[in-house]
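Below is one structure, written out as structure tokens; comments come after it.
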Amino acid sequence: MLDAFKNSVDYLSNPTISFSLLTVLTPLLFPPTDWFDKINRKLRLHLLWTKTGCAISMAVITFFFAVGFLDENFSVILTKADNFPIILMFYSIFFCTWLAMHKAYINDERLEKGLKPSEYNDPDDKVLVWPDLVYIEFIALILFTVFLVVWSILVAAPLEEPANPASTPNPSKAPWYFLGLQEMLVYYDPWIAGILLPIFCVVGLMAIPYMDINKKGDGYYSFKERRVGIFIFMYGWIVLWLFLIVLGTFFRGPNWNFYGPFEYWDAHKVVALNNINLSEYFWVKLLGTGLPDNILLREFVGFIVVGIYLFITPVLLAKTVLKDMVKSYGLVRFGALMTFGLVMLSLPIKMYFRWIFDLKYFVAIPEYFFNI
Amino acid sequence: MSDKKTIPNASIGSSAENSYKKPETTRRSFLSWLTVGWAAYIGVTGGFFTVIIRFLFPNVLFEPPQTFKIGYPEDFSSNSVDIKYKKQFNAWVVRDEESIFALSTVCTHLGCTPNWLPVESKFKCPCHGSGFRMTGIHFEGPAPRPLERFKISLANDGQILVDKTKSYKWEKGEWENPESFLKV
């Protein structure tokens, strides 16, 4: 029974399956359109944001970790001092998401009945920063300091032997909060995954207030009034950031191969990963000729693909599906939104191409360190 | 509350006669204090920068020689990878059917040190999973180009001489260069 559970978790942890599941689940949990909302209600997924839903989910997470703790393979990963924050992250992220959605659903119902949101106060009934807010912050600060002190006393810092350039630990993992970035580095060239995409993350987050012109839901929790925005954010945050951290922590083993969490880390597991560039797919496999010597001719298919993706897609979308959006948003805002959205979406697209077609790079010019 | 006003401490007892007295500063005492001040300033900043500059020169020189001898061609059996020189010189010595060459141990993706897996006959990087064949050609994971080769030649005494100051990149066609391998 327990073995069946472990085997199924190992099977589901395969990135093609787990990533697809999460990608399908996110729009169902945070339905951006009426169609998804209907399925959400039909599957009764909205019950997740009730108090019972919270209790059951917490119990499921705890059960998963309890089984993992008793498992001889998974417990090695779980009890590593580096990975303790990940366990906390499961609980804290779920709780914060749940709390926001719980309050948002209550408010959505109130608004539907014509009531004010539950956070609404009489304009004269003010809360002062000092002392009301600062006291809360001060108490939180003290409690958190106590927690950190106790943690650092109980668990020794995971220091290793002095660095030796001749022997890299296998697997060699970044600190837990950087494992999402490390996972991106598997799919993209260092200058994209390490510099360009993080800049897009930071600038994109800063640009949200300028791109999201919906004034509803300002100062109170609400899902219905900004469901598209919440869905896009949750997909980027939970699937493209947090899940990649979990993937790097629990599912990556020796030689950076994928392992199920309950699977033994066999350093000699052989996984065929013969990655091929798009140029080789086109010239060698499709046309049966060798690669041309001219770099631009060699990579022209990749340039066309990337060009269509980045420059033609937004135009097509603006002309068809998102016609109304262009009108209300204006060209500049729409262009910015499309740029950030397409760059964000390029990550899962590239990951799937790597997993399914063993595609290494769309454009591969190692001569000039330019690979996309 | 009484109407009695509080008087600031500073104003108590002050009057025209009892005013603030000037300290007696002579030209001599001023100059001596100035000298002391400058001496202290120079001492502190000088010491600070001395320590900073000293910090730039570590106590140990880690660098092994860039050019080194690795023994005679007969010492290497064919179709094998010698990992003896990995730790000290960051180089693998590979002998295939017809040549001996020295591969750099720096992964071309982000610079970790791959491991040689004899069973699978490949170099596998533990950081992001890049894989290289025995020849140094990349075939799996994100590494965009093969491992680099070092200049290799025969010294006068018949030993193999590896020169790490010169490296040869496959993607630039430099592996054709006769200096990048040793015919055996």
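The distance from the alpha carbon centre of the stretch A:21-76 to that of the stretch A:249-278 is 26 Å, rounded to a whole number.
With a 10 Å cut-off around each Cβ of B:142-148, the average count of Cβ atoms from other chains is 5.
Note on A:165-175: average number of Cβ atoms from other chains within 10 Å of each residue's Cβ is 5. Its DSSP H runs of at least 4 residues, each contributing -39,500 (n - 2.57), put the calculated 222 nm mean residue ellipticity of chain A at -17000 deg cm²/dmol, to the nearest 500.
Across the alpha-carbon set of the stretch B:78-119, the Rg to Rh ratio works out to 0.98, Rh being the Kirkwood radius.
Couplings for the stretch B:39-47, taken from phi via the Karplus curve 6.51 cos²θ - 1.76 cosθ + 1.60 with θ = phi - 60°, read 4, 5, 4, 5, x, 5, 5, x, x Hz in order; Gly and Pro are left as x.
When the trypsin sites (Lys or Arg not before Pro) in the stretch A:194-224 are filtered for DSSP coil states and for at most 12 other beta-carbon atoms within 10 Å of their beta-carbon, the remaining sites are A:Lys215, A:Lys216. Taking amide hydrogens as placed 1.01 Å from N in the peptide plane, the amide H of A:Ala174 sits under 5 Å from that of no residue at least 5 positions away in sequence or on another chain. Both the radius of gyration and Dmax for chain A are 23.9, 78 Å, in that order, over alpha-carbon atoms.
Averaging over all projection directions, find the projected area of the Cα convex hull of the stretch A:26-182 and quote it in nm² with one decimal place.
Numbers: hull surface 61.3 nm².
That works out to 15.3 nm².
For the stretch B:35-97, the C-alpha radius of gyration sits at 2.32 times the compact-globule guess of 2.2 N^0.38 Å, with N the residue count. The mean sequence distance of close C-alpha pairs (under 8 Å, at least 6 residues apart), as a share of the length of chain A, puts its relative contact order at 23 percent.
Starting from 0.36 nm per residue, how many nanometres of slack lie between B:Gln88 and B:Leu154 once their C-alpha separation is accounted for?
Numbers: separation 66, 0.36 × 66 = 23.76 nm, distance 2.04 nm.
Once the chain is fully extended between B:Gln88 and B:Leu154, it gains 21.7 nm.
Each principal axis of the Cα cloud of the stretch A:278-371 was evaluated for its coordinate range; sorted largest first, these ranges are 50, 27, 25 Å.
May I ask what percent, to the nearest 5, of DSSP beta bridges between residues of the protein assembly as shown are antiparallel?
That works out to approximately 95 percent antiparallel.
Once you have the Kirkwood Rh of the stretch A:159-204 from its Cα pairs, apply Stokes-Einstein at 37 °C and 0.692 mPa s and quote D in µm²/s. Write out the running numbers ahead of the final one.
Details: Rh = 12.2 Å.
Rounded, D is 269 µm²/s.
Each 5 Å bin, from zero up to the one with the longest distance, holds this percent of the alpha carbon pairs of the stretch A:83-138: 4, 15, 12, 13, 19, 18, 11, 6, 2, 1.
Site pair A:Leu331 and A:Ala156 shows an inter-label distance of 6.5 nm when each label is modelled 7 Å from Cα along Cα→Cβ.
Taking θ as phi - 60° and the Karplus parameters 6.51, -1.76 and 1.60, the scalar couplings of the stretch A:46-63 work out to 5, 5, 4, 8, 8, 5, 5, x, 4, 4, 5, 4, 4, 5, 5, 4, 5, 4 Hz in sequence order, x denoting glycine and proline.
The local environment of A:Gly260, defined by Cβ-Cβ distances under 15 Å, has a net charge of -3 under the rule Lys, Arg +1 and Asp, Glu -1.
Considering only B:Val162, B:Val119, B:Val44, the Gaussian network model of chain B with Cα springs below 10 Å gives its largest mean-square fluctuation to B:Val44. What fraction of the Cα pairs in the stretch B:67-183, stated in percent, has a spacing above 16 angstrom? It works out to 56 percent of all Cα pairs.
Values quoted throughout were computed directly from the atomic coordinates according to the rules given, and no laboratory measurement underlies them. The structure displayed is predicted, hence computed values, not measured ones. Cβ sites come from the backbone with ideal geometry, for glycine too, and all protein chains shown count toward neighbours.
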